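Asks: Handing you a structure now.
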Amino acid sequence: MKTKTLRPDKVNVITLGCSKNLVDSENIITQLKANDYEVKHDANEEANIVIVNTCGFIDLAKEESVNTILDYADRKTKGEIDKLYVTGCLSQRYKDNLEEQIPEVDDYFGTMELPGLLNRLEADYKHDLIGERFITTPEHYAYLKISEGCNRTCSFCAIPLMRGKHISRPIEELVKQAEHFASNGVKELMLIAQELTYYGLDLYKERTLPKLLEALSAVEGIRWIRLHYAYPSKFPRDIFDVMAEQPKVCNYLDIPLQHGSDAVLFRMRRQITRAETEDLIRYARQRVPGIAIRTTFLVGYPGETEEEFEELCDFVRDMRFERLGVFQYSHEEDTSAHKVEDDVPAEVKAQRANRLMEIQQEISLELNEERVGRTLDVLIDRKDNDMYVGRTEFDSPDVDNEVLIPAKDVYLRTGDMVKVKITGATEYDLEGEIA
């Protein structure tokens, strides 16, 4: 019998950016492990080969990516590592510039060039691994990327430049991967894409996210299915029917709305008005009582006046979103918005972002206080000192509320699903005890 031997090379995969990048890193790790490499993720321990998976979304993300590359390039110059490779969005978008400015990197690869990266490492791309993936998250939840790319034309967004056109993954392939996850203890699937609601148009000539949700709901062992990154324009409302009828589909929707002023929405090319957005949110709350809406807004878009920003503030007050994040506009090359002047000063962008979050802070506290006295299902993520930390179906990891449960006199394991009575609330967390 032939026995496998590990290569002497050790690889450290560094992930920057969003959960979609994390999935790409997990695919890299899966392929390398299948080729007998010893691989770590975001590890502090020594490795002689480093792969940096970069983000190029906005200025801050690009700066972090460049600084990380420079750090490892310096380590290579000092002889601390042997090989340095860069992949991901920044590499896709600025490869020529990076090759010129940071020649210490052995090679650069774009977002869809995994086979090329593996070839550079003398590793084979193993097609039979489709459906399998090493996960870097806690073993009870995993991200499931259902499509790649985006066909939308939002004026501020560079994602189509880095990720290309929308490509859906077949339902049977996604179900196979979900079954693999479930067999390894995953209880929660977080569906991610640049644009969830477009799913299926390229493969099946219709929007088939509801069919996918029904197929995934049939996978034994999966308890929660969570939806991230939907687009509000022409939203397929039968998604709410599935959410209401399928208990595994969390009453949660991540739907970036970007603004509350019709004038700004028009300039952003969002293809929707404030009134249409309000109608969609009201329908969601009527069809799925108790649904948690997570959204993000963009402040400081070119030409955004104080009056237009006040419209956004009023919109947030009126809609009372359960979860909300704010980005400050970043002037991105090759987007249509780059053709106009970035005329909102940086300090004004920061002030507006802070003000919007102050409004949301009050709303979040009031909504959390309404949960006091209720008993909710909570998925335990970890233990921090004398507290277990978990989440309800209304919360996604890393970005949303957490539930804090005193560890005294109770024993829980990571991945346990337990009934918790909510006893207290702060702006962004809940406190509770085992019911």
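The values are calculated or read from the model by the stated rules, or taken from the named source; none is laboratory data. Here the structure is a predicted model, which means the values were calculated and not measured. Neighbour counts are summed over all protein chains in view; Cβ atoms, including those assigned to glycine, are modelled from backbone coordinates with ideal geometry. Calculation scope for accessible area: heavy atoms of the full protein, side chains included, ligands and nucleic acids excluded. Shrake-Rupley method; radii C 1.70, N 1.55, O 1.52, S 1.80 Å.
Asks: Within the range 384-413, track down each residue that is part of a strand (DSSP E or B) and either touching a strand residue (DSSP E or B) at 6+ places or on another chain (Cβ under 7 Å) or modelled with pLDDT of 95 or more (or both).
Replies: The answer is Met387, Tyr388, Val389, Gly390, Arg391, Glu402, Val403, Leu404, Ile405, Pro406.
Asks: Right, here's the next one. Considering the range 116-127 alone, what residues qualify as being touching a helix residue (DSSP H, G or I) at 6+ places or on another chain (Cβ under 9 Å) and of a type outside the set (Gly, Ala, Ser)?
Replies: Matches in the range 116-127: Leu117, Leu118, Leu121, Asp124, Tyr125, Lys126.
Conditions tested, residue by residue: (1) closer than 20 Å to Tyr252 by Cβ; (2) open to solvent by 20 Å² or more (accessible area, probe 1.4 Å).
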| site | (1), (2) |
| --- | --- |
| Ala337 | no, no |
| Glu362 | no, yes |
| Asn368 | yes, no |
| Leu376 | yes, no |
| Leu379 | yes, no |
| Val399 | yes, yes |
| Ile405 | no, no |
| Gly424 | no, no |
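Asks: When residues of the range 194-214 are filtered for being touching a Lys or Arg at 6+ places or on another chain (Cβ under 8 Å) and touching a residue at least 60 places away in the same chain (Cβ under 8 Å), how many remain?
Replies: Residues flagged as touching a Lys or Arg at 6+ places or on another chain (Cβ under 8 Å) and touching a residue at least 60 places away in the same chain (Cβ under 8 Å) within the range 194-214 amount to 1.
Asks: Moving on to the next point. If you go through the range 255-264 one residue at a time, do you hit one that is among the β-branched types (Val, Ile, Thr), within 17 Å of Gly290 (Cα to Cα) and surrounded by fewer than 22 Cβ atoms within 10 Å (Cβ to Cβ)?
Replies: no
Residues checked against (1) of a type in the set (A, V, I, L, M, F, W, C); (2) assigned to a strand (DSSP E or B); (3) farther than 19 Å from Ala142 by Cα:
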{"residue": "Asp381", "(1), (2), (3)": "no, yes, no"}
{"residue": "Gly415", "(1), (2), (3)": "no, no, no"}
{"residue": "Lys421", "(1), (2), (3)": "no, yes, yes"}
{"residue": "Gly424", "(1), (2), (3)": "no, yes, yes"}
{"residue": "Leu430", "(1), (2), (3)": "yes, yes, yes"}
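Asks: Only one of Asp342, Asp314 is open to solvent by 30 Å² or more (accessible area, probe 1.4 Å), touching a residue at least 24 places away in the same chain (Cβ under 8 Å) and either in a loop (DSSP other than H, G, I, E, B) or touching an Asp or Glu at 6+ places or on another chain (Cβ under 9 Å) (or both); which?
Replies: After applying the criteria, what remains is Asp342.
Asks: Also: Please indicate, with yes or no, whether at least one residue in the range 217-224 is closer than 19 Å to Gly149 by Cβ and either of a type outside the set (A, V, I, L, M) or at pLDDT 95 or above (or both).
Replies: Within the range 217-224, none of the residues are closer than 19 Å to Gly149 by Cβ and either of a type outside the set (A, V, I, L, M) or at pLDDT 95 or above (or both).
Asks: Give the range 185-229 a look and list any residue that's open to solvent by 10 Å² or more (accessible area, probe 1.4 Å) and of a type in the set (Gly, Ala, Ser), or say none.
Replies: Within the range 185-229, Gly185, Ala215, Ser217, Ala218, Gly221 meet the criteria.
Asks: Residue check, Tyr411 against (1) open to solvent by 50 Å² or more (accessible area, probe 1.4 Å); (2) in contact (Cβ under 8 Å) with a residue 12 or more places away in the chain, all met but one. Which one?
Replies: For Tyr411, the exception is condition (2).
Asks: Among the residues of the range 232-253, what is the count of those that are open to solvent by less than 10 Å² (accessible area, probe 1.4 Å) and under 30 Å from Val299 (Cα atoms)?
Replies: 7
Asks: If you scan the range 147-170, which residues turn out to be closer than 29 Å to Gly185 by Cα and surrounded by fewer than 20 Cβ atoms within 10 Å (Cβ to Cβ)?
Replies: Glu148, Ile167, Arg169, Pro170 - these are the residues of the range 147-170 that are closer than 29 Å to Gly185 by Cα and surrounded by fewer than 20 Cβ atoms within 10 Å (Cβ to Cβ).
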